Amino acid sequence: MNTGRFSRRNGLGARARVALEVLEASEARGFVIPHRRDGSVPYRGAGEVDYTCGRCGQLLAIGVPPGLFRRFVFSCACGALNQVPSGARATPLYGSAGAHAAGAEGP
């Protein structure tokens with residue numbers, strides 16, 4: 001099981017990027033947001049965080065406000081079921097080591 005990964009892009013106005021936690025089918029709880037067959041991203045917003053598949057890295061949501069989708073499961077075209085990792089379980093990919101998984105805080 002993937003424990004989730006976090007990164008922050010460099011530059012002004014950049015969003016944080018979170019690799020979601022991959023679940024086994026038996027662990028999935030909550031509403032499943034299906035992947036789109038046309039390859040488009042299922043959610044686009046004006047928030048501070050982008051979500052990617054924890055298995056293949058596919059972009060699953062763009063501009064998510066902090067705290068949104070915490071109880072949802074994202075389905076990816078690769079077959080993975082993904083959920084937002086808790087802050088304690090997220091680890092930095094690159095960028096600020098002090099950044100938080102929700103992407104709301106940080107330098």
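Going by the conditions given, is residue 29 at pLDDT below 95 and surrounded by fewer than 20 Cβ atoms within 10 Å (Cβ to Cβ)?
On the way: at pLDDT below 95: yes; surrounded by fewer than 20 Cβ atoms within 10 Å (Cβ to Cβ): yes.
Here the answer is yes, as residue 29 does meet what is asked.
Could you run through segment 56-107 and say how many residues are part of a strand (DSSP E or B), at pLDDT 85 or above and of a type outside the set (A, V, I, L, M, F, W, C)? Break it down stepwise before answering.
Going residue by residue through segment 56-107, those that are part of a strand (DSSP E or B) are 59-64, 72-75, 81-83, 91-92.
Now restrict to residues that are at pLDDT 85 or above: 59-64, 72-75, 81-83.
Keeping just the survivors that are of a type outside the set (A, V, I, L, M, F, W, C) gives 63, 75, 82-83.
Total meeting the criteria: 4.
Which residue is surrounded by the fewest Cβ atoms within 10 Å (Cβ to Cβ), if the candidates are limited to segment 32-49 and must be part of a strand (DSSP E or B) and either without any contact (Cβ under 8 Å) to a residue 12 or more places away in the chain or β-branched (Val, Ile, Thr) (or both)?
First pass over segment 32-49, keeping only residues part of a strand (DSSP E or B): 32-33, 43-44, 49.
Among the residues that remain, those that are also either without any contact (Cβ under 8 Å) to a residue 12 or more places away in the chain or β-branched (Val, Ile, Thr) (or both) are: 32-33, 49.
Numbers: 32: 13, 33: 17, 49: 25.
Among them, the one singled out is 32.
Can you confirm whether residue 18 is more than 14 Å from residue 83 (Cα to Cα), modelled with pLDDT of 85 or more and of a type outside the set (Phe, Trp, Tyr)? Steps first, answer last, please.
Working: more than 14 Å from residue 83 (Cα to Cα): no; modelled with pLDDT of 85 or more: yes; of a type outside the set (Phe, Trp, Tyr): yes.
No.
The values are calculated or read from the model by the stated rules, or taken from the named source; none is laboratory data. Bear in mind the structure is a predicted one, so any value in this text is a computation, not a measurement. Every residue, glycine among them, receives a Cβ derived from its backbone with ideal geometry; neighbour counts consider all protein chains shown.
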